[in-house]
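The values are calculated or read from the model by the stated rules, or taken from the named source; none is laboratory data. Computed from a predicted structure; not experimentally measured. Heads up, the Cβs are rebuilt from the backbone with ideal geometry, glycines too, and the neighbour counts pull from every protein chain shown.
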Amino acid sequence: MTHLDFSFLTWDVVSSFVAKGFFFSIQLTLTAMIGGIILGTLLALMRLSGKPWLEKPAAAYVDTLRSIPLVMVILWFYLLIPYVIGPLGAEKSALITFTLFEATYYSEIMRAGIQSVSRGQVFAGYAMGMTYRQTMQLVVLPQAFRNMLPVLLTQTIVLFQDTSLVYAVGAYDLLKGFEVAGKNFNRPVETYLVAALVYLVICFTLSMLVRRLQKKIAIIR
C-alpha cells in the first residue's frame, strides 16, 4: 500500500512550479473581475434602457453565454480566435474569454442592483435638473454598487475557482502548477490534495471577509 508523502513540497518546489501559476490565477481573476464589472454594467444599462435596439442584443448576449458551460466557451474562443485575429496563446485567450463570459454574470448582478434603487431617487435626480446619464452616474450606480458589493465579491470568489478550467487550453494556472510539480516528483495524489486545500483556504477566507462586509453594509443601511 502506497503511503502519502508530502515531504517533497518544499519552498523551492512551490516557488519553482506553483508560484507562477498562482500569480496567473490572481491576474486572471482581477482582470476578469474589473473588465467583467465594467462590461457587465454597460450590458445592464442596455437591458434597462427601454430601447429595443439596445435591450435585445444585450439580452441575447447575456442569455446565450450564460447557457453555455464556461469550459466550452474557453475551448471555442481558443480554437476559433486564431482564424480571426491570429494566435494569442493560452493565457491571453483565457484573459479575454473570462472577461467576456463573467460580464454576463456581473451584468445580472448590476441589473438587480440598479433595480433595487428606488424610483424616487431617479425622480429626485431629474427634479434637480440632472440628465439620465448624470442620474445614473451620480445617484443610481453608486447605490447599486454598494447594495451589490457582497454579491459582486462572491461572484469573484466563484470566478477564482473557475480559473482552474483553463487547463482545457493548457494555460499555466495555480492548478497546473501543482500538476507539473506532481509529475516531476511522481506524486500526483499529494499535489492534487494540497491544491484542493489551497483553493479551500483561499476561498473560505475570502467568503468570511465578504460575510463581514455584508454585515457592515447592512448596518449602514
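Could you please let me know if Ser25 is closer than 22 Å to Tyr167 by Cβ, among the small types (Gly, Ala, Ser) and either in contact (Cβ under 8 Å) with a residue 24 or more places away in the chain or not in a helix (DSSP H, G or I) (or both)? Taking the combined requirement at face value, the residue satisfies it. Among the residues of the stretch 3-21, write down those that are out of contact with any Phe, Trp or Tyr (no Cβ under 7 Å at 6 or more places or on another chain) and either under 17 Å from Leu193 (Cβ atoms) or among the aliphatic types (A, V, I, L, M) (or both). Scanning the stretch 3-21 gives His3, Leu4, Asp5, Phe6, Ser7, Leu9, Thr10, Val13, Val14, Phe17, Ala19.
Taking the residues in the stretch 49-82 that are among the hydroxyl-bearing types (Ser, Thr, Tyr) and buried (at least 16 other Cβ atoms within 10 Å of the Cβ) as candidates, determine which candidate is modelled with the lowest pLDDT.
Residues of the stretch 49-82 that are among the hydroxyl-bearing types (Ser, Thr, Tyr), as a first pass: 49, 61, 64, 67, 78.
Checking which are buried (at least 16 other Cβ atoms within 10 Å of the Cβ) leaves us with 61, 78.
Details: Tyr61: 95, Tyr78: 88.
The residue in question is Tyr78.
Is it the case that the stretch 201-211 has a residue that's surrounded by 15 or more Cβ atoms within 10 Å (Cβ to Cβ), at negative phi and among the charged types (D, E, K, R)?
Going residue by residue through the stretch 201-211, those that are surrounded by 15 or more Cβ atoms within 10 Å (Cβ to Cβ) are 202, 206, 210.
From the residues that got through so far, the ones that are at negative phi too are 202, 206, 210.
The next check asks that each one be among the charged types (D, E, K, R); those that pass are none.
Looking through the stretch 201-211, none of the residues is surrounded by 15 or more Cβ atoms within 10 Å (Cβ to Cβ), at negative phi and among the charged types (D, E, K, R).
For the stretch 147-198, taking the residues that are charged (D, E, K, R) and either over 21 Å from Asp12 (Cβ atoms) or at pLDDT below 90 (or both), the one that is surrounded by the fewest Cβ atoms within 10 Å (Cβ to Cβ) is identified as Lys183. Of the residues screened, Arg133 is not one that is under 20 Å from the mean Cα position of the chain (by Cα) and either basic (Lys, Arg) or more than 29 Å from Ala94 (Cα to Cα) (or both). The set of residues from the stretch 1-18 being exposed (fewer than 14 other Cβ atoms within 10 Å of the Cβ), of a type outside the set (Phe, Trp, Tyr) and at pLDDT 85 or above comprises Asp12, Ser15.
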